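What follows draws every value from the coordinates through simple rules; no lab data is involved. Please read these numbers as outputs of a predicted model, since none were measured by experiment. For neighbour counting, all protein chains shown are included, and Cβ atoms are generated from backbone atoms with ideal geometry for every residue, glycine included.
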Amino acid sequence: MLAQSKRRKGAQSKKSKRKPSPAKSVPKRERRNRIAETKDPNRRWLKQIVANFLNPDSTKIQYNMDDIVKLLDQALVDITIQPTLLEFEAPTFVCGDIHGQITDLRRILHICGYPSTKRFLFLGDYVDRGAHSIEVICVLFALRLLFKNNVYLLRGNHELAHINKSYGFMEDINNRWASDLPKAKELYRKFNEVFSFLPLAAVVSNKILCMHGGLSPSLNSLDDIRRLERPITTPKGLAQDILWADPQHGVQGFKHNSMRACSFNFGEKDVEERLKKMGLSKMIRAHQVVQFGWEAFANGRVITVFSASRYQEELYNYAAIIDIQKNLRMEIMMIKPADFEETLNGVVKDELTKDAPQTPSTKSEDEKSLRGKSERGKTFEEKDD
C-alpha cells in the first residue's frame with residue numbers, strides 16, 4: 001500500500017509540473033494566412049472602408065477622391081475578368097434593389113452575417129434615388145474585392161449612365177466634390193466604366209437563374225448570355241431585356257413594355273417554356289418595388305425581390321432577402337422599414353418578420369398559394385418538373 005501511495009504522489013507531482021497546454025492551436029496554414037492578411041496594406045485599407053460603412057454613427061462618410069479612384073481601378077480589374085454569366089453553388093443570399101439606402105444594406109449584413117462566411121448575390125440598382133449611393137456602391141466594391149468567392153454583383157438598369165445621370169447619382173458626386181467639378185465629372189465617368197463591365201446574370205446550382213430584369217425573346221439558352229460581350233454602354237436586345245423586362249399576368253407571348261418604354265413584358269407561359277428549354281426550375285429577379293419585399297409569379301417559378309424598405313412613402317414597403325440553402329430550399333426573409341422600430345442606435349435592432357402579412361385579395365391565385373406556404377416559415381422546396 002505504501003509503495004502504491006508513493007507512486008501516486010510521484011505521478012501527481014509530475015503532472016503538476018507539466019506546462020498548461022495552449023487554449024487552442026491554430027493550423028499553420030491558417031496562421032500564415034492571418035499573418036499575410038495583417039501585413040497586406042491593401043486588405044487593411046479595404047477593411048477600413050467596410051468598417052467605416054458599418055459604423056452606425058456614420059451617415060455621410062468622408063471619402064478621399066483618390067481612394068475612390070484606387071477602389072474603382074481595383075474593381076475594374078476584378079470585374080473585367082468575370083464572365084457575363086456567373087455560375088456558382090448554393091447556399092447564397094440574394095438581394096434586390098438597394099438604391100443608395102445605407103440603413104437597409106447595413107441591416108442586411110447584420111441579419112445575414114458577414115461575407116467572410118456567408119455568400120451574397122446582389123441583383124443591381126445600387127445607386128440613384130437614395131441619399132447614400134456613393135457609400136453603398138463603395139462598400140459593395142470593397143466587399144467584392146475582399147471576398148471574391150462570397151460576394152457577386154450583377155448590373156441593374158440604374159448602372160446605366162443615361163439613367164444614373166438623371167436619377168441622382170451624378171448629382172450626388174457633383175455635390176460631394178463641388179469644389180473640383182472637373183475631377184468629379186471624371187470620377188462619375190470612372191464609376192460608369194466599371195458598371196459597363198458588371199456581369200448581367202447568374203445561375204445558382206445549375207437550377208436558379210438570377211438577373212435584374214427578366215426574360216427575353218432572344219434568350220433560348222444560357223449560352224446566349226455567355227456570348228454577350230462587355231463593356232456594354234447602351235444595351236440592346238437580350239442585354240436590354242435582362243436589365244429591363246417585367247413579368248405581367250395574362251400576357252401571351254412577349255409584349256412591348258409600355259411602362260418602361262423599352263424591352264418587354266412576359267407572361268406565365270413564357271416563363272414555363274423558357275426555363276424548361278434552359279433546364280432551369282426557377283428565376284429570381286429584382287427591378288420592381290413590391291409591398292412585402294417579394295412577390296411570386298407563374299406558380300412560384302419567378303420571384304421578385306426588392307431590398308430597399310419604404311422606397312415609396314405611400315407604399316411603406318418591406319425589404320426582403322432570399323436565402324437559397326444548399327439543398328435549394330428557399331426562405332424569404334422580410335425586414336420592416338426602420339421607422340417601425342422604436343429605438344436603434346442608428347441601425348440594427350429590427351427583427352426578421354417570421355410571418356408574412358395577409359395576402360391582399362388583388363393577388364393572383366398562384367401568389368396566394370405560394371404566400372400560404374410562406375406563412376409557415378416562408379420556405380419553398382426545389383422540385384424538378
Sort 327-334, 279-286 for me by packing, meaning the mean count of neighbouring Cβ atoms within 10 Å per residue, highest on top.
279-286, 327-334
Can you list the HN-Hα couplings for the stretch 83-93, worked out from phi with the Karplus curve (6.51, -1.76, 1.60; θ = phi - 60°), rounded to whole Hz and with x for Gly and Pro?
x, 5, 10, 7, 9, 8, 9, 5, x, 7, 8
Local charge sum around Arg260 (other residues, Cβ-Cβ under 11 Å, Lys/Arg +1, Asp/Glu -1)?
-2
What nm distance separates the two modelled labels at Thr59 and Glu186, each placed 7 Å from Cα along Cα→Cβ?
3.2
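Provide Cys138, Cys95, Cys262 in ascending order of the number of other Cβ atoms located within 10 Å of each residue's Cβ, fewest first.
Lowest count first: Cys262, Cys138, Cys95.
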Of the peptides 205-212, 107-114, 152-159, how do they stack up when ordered by the mean number of other Cβ atoms within 10 Å, highest first?
152-159, 205-212, 107-114
Find how much the distance from Ile111 to Thr234 grows on full extension, using 0.36 nm per residue of separation minus their present alpha carbon separation; answer in nm with one decimal.
40.7 nm
Given Lys255/Lys282; Lys39/Lys185; Lys276/Lys336; Lys47/Lys282; Lys185/Lys236, the pairs whose alpha carbons are separated by over 24 Å
Lys39/Lys185; Lys276/Lys336; Lys47/Lys282; Lys185/Lys236
